[in-house]
Amino acid sequence: MSRAIKLPMRYLQEYLENVATAHSDLAGSKRCNRLLQSFAELRFQLHGGARCSMCKAHVRHVIPVRIMKDDEWRRYSCLCARCFEGESALSHVSVMQIGDALVEYRAPGYEGPSDPRRHPRRPTSS
């Protein structure tokens, strides 16, 4: 049963601006991680959680994940903490991203390429 709540867009924008301001004292990756967690919690409060793409366990914070394993990128709509840790341990690069907020984990000593979609989308000029 979905419990979707209608929320005016201006309230959502104000919430996200407040969250970004509250975490402005943190450095790069830590700030992005907090922003991802805050947005995922808001999404949970509005729409509920989801199921892990691998083991089907309930996931509260739904964040899309991309993992580079065996020189191939794999995409998951969300992973539970256990599956994320397992995949991260066996992979070269793990990326969690929503919009411009991005957190990337790399295996120690791995110096290969990053995800080509790593950089935020830039507006195209006509």
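The values are calculated or read from the model by the stated rules, or taken from the named source; none is laboratory data. Not measured: the values here are computed from a predicted model. Neighbour counts are summed over all protein chains in view; Cβ atoms, including those assigned to glycine, are modelled from backbone coordinates with ideal geometry. These area figures cover heavy atoms from the full protein model, side chains too; ligands, DNA and RNA do not enter into them. Shrake-Rupley method; radii C 1.70, N 1.55, O 1.52, S 1.80 Å.
A few points about this structure:
- With the highest mean first, a sort of the peptides 11-20, 88-97 on other beta-carbon atoms found within 10 angstrom per residue produces 88-97, 11-20.
- Subtracting the Cα-Cα distance of residue 45 and residue 29 from 0.36 nm times their residue separation leaves 3.3 nm of extension gain.
- The stretch 1-108 shape via C-alpha gyration tensor axes, a/c threshold 1.5: oblate
- An oblate overall shape is assigned to the stretch 7-60, the ratio a/c of its alpha-carbon gyration tensor axes (a ≥ b ≥ c) being 1.5 or greater and a/b not exceeding b/c.
- For residue 84, solvent-accessible area (1.4 Å; no DNA, RNA or ligand), Å²: 30
- Once the convex hull of all Cα atoms in the stretch 45-119 is built, its volume per residue stands at 93 Å³.
- Cα gyration tensor, the stretch 38-77 - rounded (a/c under 1.5), prolate or oblate: oblate
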